[in-house]
Amino acid sequence: MSFYNWIQEKLFDNYEEWRMKSPNYNRNGFNIVGIDNTLKAMEDGFFMYIELYPPHAIDGCTAMKARVGKTQDAVDIFLDIDHKTYRMADVSYPEAVQIMRAFVKKRKLPDSSLYVEVANLDIKQMRSTFTELATLLLGNAKQANSFMTKAKLNSMEDLEDSWWNLYEKLQSKGCAVELSLKIELEDFLYHVQKLIHNKNLCTGENLTGDMSIDTDAFDAGQCIMDWCAHLNSTWKNHKLVGMDIGTDSLVLMVLSNEEFKTAQELAKELLHRIDVAERS
């Protein structure tokens, strides 16, 4: 370790040689508080995972990863040790902060009695889940199957690429639109109405009544999140939802309430996030 990096660690808690990966961050160098903030975002439902990579193996461990658990108040922690994967299930968020901080600051692993070896990534299950989600969002099984024939899902990196490719496919088919957070009200309403129109064409139903838009009820001085929240408070059977792609923009889709609930759960299984637009 260089003298500069030593100073950064000891005096400022900056870890220049370590890599942190999350839905909105993937590079070397982070402050220790980044662990706390990312886990808090996971607890609040905004992020699905955090991964830490040391510059050199620590007792054989080359990565520590936390993923949202089956319950909202816990995570599962995974450790890559000597080419095997180990898991600590149902770890509370305060415990996860302590464990991940100790891994970075003290180069220390949890007691080996606390984790067990698990099988490698279930590629078959991941592909099945991704196919189900693509079919739901595209609204066309043939298009989804065509998309999946080109999708590579052999690693978490492949999953990231496929998620981005799905977003691009949805956008090209008019099922999704990417908007700036600084968009003007008139443009926002135009794009939402276009999404509704495309949803009508996709389902063969007339959904205009259920998703009516009273333009006079909007305040141009507010922001896109406020407008999304207003629509979702007035629509009964549909939701304006956001697909998190790790950028500062907002990817919007229109889904029925049932579609949204299913899509949210499938995305979570893939360590990604679909939520009501105002929470995206």
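None of the figures in this text is laboratory data; all of them are computed from the coordinates on show. This is a predicted model, so every value here is computed, not measured. Positions of Cβ are backbone-derived with ideal geometry, glycine not excepted, and every protein chain shown enters the neighbour counts.
For the chain, find the longest principal axis of its Cα atoms and tell me its angle to the long axis of helix 33-43, 0 to 90°, nearest 10.
Rounded to the nearest ten degrees, it is 50.
Two-decimal Rg/Rh of the chain from alpha-carbon positions, Kirkwood Rh?
Working: Rg = 21.1 Å, Rh = 20.6 Å.
Answer for the chain: 1.02.
Report, in degrees rounded to the nearest 10, the 0 to 90 angle that the Cα long axis of helix 93-105 makes with the longest principal axis of the chain.
Long axis of 93-105 versus the principal axis of the chain: about 50 degrees.
For residue 69, which sequence-distant residues (separation of 5 or more, or a different chain) have an amide H within less than 5 Å of its own amide H, given hydrogens modelled in the peptide plane?
74, 75, 76
With the radius of gyration and the Kirkwood radius both derived from the Cα set of the stretch 3-58, what is their ratio Rg to Rh? Please list the in-between numbers first.
Working: Rg = 12.0 Å, Rh = 11.8 Å.
Reported Rg/Rh (Cα atoms, Kirkwood Rh): 1.01.
Starting from the amide H of residue 179, placed 1.01 Å from N in the peptide plane, find each other amide H under 5 Å away whose residue is 5 or more places distant or on another chain.
250, 251, 252
What does the charge count around residue 82 come to, taking other residues whose C-beta lies under 13 Å from its C-beta (Lys +1, Arg +1, Asp -1, Glu -1)? Intermediate results must be reported in sequence, preceding the final value.
Values: positive: 84; negative: 59, 80, 117.
Result for the neighbourhood of residue 82: -2.
Of the peptides 54-62, 212-220, how do they stack up when ordered by the mean number of other Cβ atoms within 10 Å, highest first? Present the calculation step by step, with values, prior to reporting the outcome.
On the way: 54-62: 13.8, 212-220: 10.8.
Ranked from most to least packed, the peptides come out as 54-62, 212-220.
Would you calculate a helix-derived [θ] at 222 nm for the chain, using -39,500 (n - 2.57) for each DSSP H run of n ≥ 4 and dividing by the full residue count, to the nearest 500?
On the way: 9 runs with 120 residues, N = 280.
Calculated mean residue ellipticity at 222 nm is -13500 deg cm²/dmol.
List, in order, the whole-Hz ³J(HN,Hα) value for each residue of the stretch 52-64 obtained from phi through the Karplus relation with A = 6.51, B = -1.76, C = 1.60 and θ = phi - 60°; use x for Gly and Pro.
Coupling constants for the stretch 52-64: 10, 10, x, x, 9, 4, 10, 6, x, 8, 9, 6, 10 Hz.
Can you give the angle from 0 to 90° between the axis of helix 224-234 and the longest principal axis of the chain, with both taken from C-alpha atoms, to the nearest 10?
60
Provide, for the stretch 54-126, the number of lysine pairs with alpha carbons under 23 Å apart, each pair being eight or more places apart or on different chains.
10
Counting only residues 5 or more places away or on other chains, whose amide H sits under 5 Å from the amide H of residue 108 once H atoms are built in the peptide plane?
103
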